[in-house]
Amino acid sequence: MGKTELWSGVLFVVFIIMLIASSIIVSNFFLFSFFFSIILGLVISIFMINKTTKSKNSLRLKIYFTIILSFFISFLVWFSYINSNVVKQDEFGFLTLFIVLPSILIALIISTLTGIILSIKRKSREDFDYNIKRLSWIFSILLVLFIFFSIYDFLISSIAISTSTKVVCYLRIGENRANDCLLKIATEESATEEITCGELDNKKDRNDCYRWTAQNRGDIKICIDNAEAETEVLIYNDICSSAIRDLDEYIYSILENPKHQDIMYAIKSVEYSLGICYGDERKAIPLLKNIVLQGNLESKQEALNILIDNAYCLGGNTLEGEKEFLRNNVLPLIQNQTGLQDYVNKINMVLSSKTLEPSEIEVNPDSKTAPKL
């Protein structure tokens, strides 16, 4: 074994160790290990290319070896990255698009161009007998295998989804990967056929499936009635929130009809997700007021809770503004309605309250407790 092979072997071992390290690290150390891997791979390529271009091989074989070696080492880095913990956290793909891919492509271009140029310049060199045909075959086979494994899950998912064959999903590598495939099939099925989200084993996947199905079918009840969470607030404000916002015009159309059978879904969607205080949200205010006048007792109470709870922000975030909103917009609606006397009393308590002046606050300078109001 020559010095080139020895050093290349040592560097290749370190290269593999750094690839493994960068694939399991989720910290600032990742970039160091990644760039170190890129540099090591480039050095290994240059070492081997420098020797093979001086050997008794044809120009075609030298160029082929250069290209296949460069692609093999670059793809090793890419394969390590796409199976790393870091890529899972790169939500918007910035790290992948602006750091990882450009770095790998630059190293690939440098290695390939260096090899091609040296091969052409040294096409007549025959310094020693060094057969690279076997190495070329080995690197070619390994490259094909790595490419196959990198797209294997995608191929399996594509087959499973296109044929709606759920059992094929289990051919993917890893349980979570199978779950992703099953989720896509269930979501596509549920969009137009029987809703099969409940067949998914994972609660988060079931909730995601119900949410997307609600959006696809334009029926928010699908998400609200089936989503699993500890509280109603979480169902509306966390799990089904994106579906609610996607169907906001449909929800507002329900609010326009206080007698609609789904009126409670619409009111709670406003309460927990859409809001009523800012911008376009304020168009819900007259709709809620109309529900207080014409809805059933349950819907009236729900609409009143929203109006009263948000009176402060609707009044400009001041106590006087809150009082004015309640006095002019809410109290006249309920004063003469039976079953709503508790709300009348609640509003009157707010209207009779006052803001204390600083001189009215009793402060004990020697006390460590809060001021006594």
For a quick check of your reading of the model, give me the residue pairs whose first member lies in region 186-212 and is closer than 17 Å to Ser162 by Cβ, whose second is modelled with pLDDT under 90 and surrounded by fewer than 22 Cβ atoms within 10 Å (Cβ to Cβ), with beta-carbon atoms closer than 7 Å and at least 6 apart or on different chains.
Glu188/Ile161; Glu189/Ser164
Out of all the residues in region 244-262, which are of a type outside the set (A, V, I, L, M), buried (at least 16 other Cβ atoms within 10 Å of the Cβ) and not in a helix (DSSP H, G or I)?
Asn257, Pro258, His260, Asp262
Any idea which of (1) of a type in the set (A, V, I, L, M); (2) surrounded by fewer than 16 Cβ atoms within 10 Å (Cβ to Cβ); (3) within 17 Å of Leu118 (Cβ to Cβ) is the one Ala107 doesn't satisfy?
(2)
Where Phe98 falls short, out of the listed (1) within 25 Å of the chain's Cα centre (by Cα); (2) more than 24 Å from Ile39 (Cβ to Cβ)
(2)
If a residue has to be in a helix (DSSP H, G or I) and either within 18 Å of Asn336 (Cα to Cα) or of a type in the set (S, T, N, Q) (or both) to count, how many in region 308-318 make the cut?
1
Out of everything in region 287-318 that is surrounded by fewer than 15 Cβ atoms within 10 Å (Cβ to Cβ) and more than 36 Å from the chain's Cα centre (by Cα), what residue ends up being modelled with the lowest pLDDT?
Thr318
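The values are calculated or read from the model by the stated rules, or taken from the named source; none is laboratory data. Source: prediction; values computed, not measured. Every residue, glycine among them, receives a Cβ derived from its backbone with ideal geometry; neighbour counts consider all protein chains shown.
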